[in-house]
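Asks: Structure in structure tokens, see below.
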Amino acid sequence: MCNLMRNSIQAIRDMRYVDLDGDAVFTLGSIGVEKAMKVMLGCAAVADAGAWPTKKVLKNWGHDIEELNLHVLGVIDEGVENTAAPGYSAHLARHIKESMLLPLVFAAFARYGRSGRFHHLDILATDEPGEHDKPSEYWERVEVHIRESLPEFHEVPYSDNAALDAYLKRLRGSIADELDAWWFCLHRLGVQGCFGDLGKKIGWQIWEINRPTPILVRI
């Protein structure tokens, strides 16, 4: 799981063209985020019911990262006041709840996790575009949000290839920073006890040892 999260974040930083490099981002991101969410939700289930979720329950959770995220946020809301450091935990929870970017990233991952990985195969098999947009179109919404919400990205240097490459590197770096911060928040909220006693132990396991605290959530 740590490897998936680390590599997905790096893949976002390294991506040049979505149509060429997007599959690495979507594959690593969708699997890594889904696993992290399900593991921490499982810890919360142990705290609530005394047992790990059954195979049937895990299957019912499915691959919809957007839906899983709602469950995760619900558990955080219920547990944040009972953590070892409620003020710090509230700071972390507030960051991931108030992010306007994370839901768009999760939507892209969810689209890929549900059926996006087979998007082009489905078109070949049916000669139809299918009922869903391409995952890359969901990613475009992520980048549009960055361009529209942050002043430093308003002007796109289309006429200068070197400047455009640098611009895209910074833009995708900001997306990677947000996912890195989410990963850290989930880890720390787990360690603080937001997902029960088992979550305190697993919280350490889902984070990469010696990885620095993301700048977005430093106090």
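Asks: Taking region 194-207, which residues are over 15 Å from residue 35 (Cα atoms) and surrounded by fewer than 20 Cβ atoms within 10 Å (Cβ to Cβ)?
Replies: 197, 198, 200, 201
Asks: In region 140-183, which residue that is β-branched (Val, Ile, Thr), touching a helix residue (DSSP H, G or I) at 6+ places or on another chain (Cβ under 7 Å) and assigned to a helix (DSSP H, G or I) is surrounded by the fewest Cβ atoms within 10 Å (Cβ to Cβ)?
Replies: So the residue we want is 146.
Asks: What number of residues within region 79-93 satisfy the criterion of being within 18 Å of residue 69 (Cβ to Cβ) and either hydrophobic (A, V, I, L, M, F, W, C) or loosely packed, with under 13 Cβ neighbours inside 10 Å (or both)?
Replies: The qualifying residues number 3.
Asks: If you don't mind, there's one more thing I want to ask. Of the residues 19, 48, 14, which is under 18 Å from residue 138 (Cβ atoms) and of a type in the set (D, E, K, R)? Full working, then the answer.
Replies: Details: 48 fails: under 18 Å from residue 138 (Cβ atoms); 14 fails: under 18 Å from residue 138 (Cβ atoms).
Only one candidate qualifies: 19.
Asks: Same structure again: What are the residues in region 145-173 that are within 26 Å of residue 72 (Cα to Cα) and free of Cβ contacts under 8 Å to residues at least 40 places away in the same chain, if any?
Replies: Residues satisfying the conditions do not exist here.
Asks: On to the next question. Can you find even one residue in region 190-198 that is under 22 Å from residue 99 (Cα atoms) and in a helix (DSSP H, G or I)?
Replies: yes
Asks: Cβ contacts < 6 Å: first residue surrounded by fewer than 20 Cβ atoms within 10 Å (Cβ to Cβ) and in a helix (DSSP H, G or I), restricted to region 1-30; second residue modelled with pLDDT of 95 or more and among the small types (Gly, Ala, Ser), any location; separation 6+ or different chain. Result?
Replies: Pairs found: 4/32; 13/173; 13/176; 24/11.
The values are calculated or read from the model by the stated rules, or taken from the named source; none is laboratory data. Given the structure is predicted, the values throughout are model-derived calculations rather than measurements. Ideal geometry is used to build each Cβ from the backbone, glycine not excepted, and the neighbour counts take in all protein chains shown.
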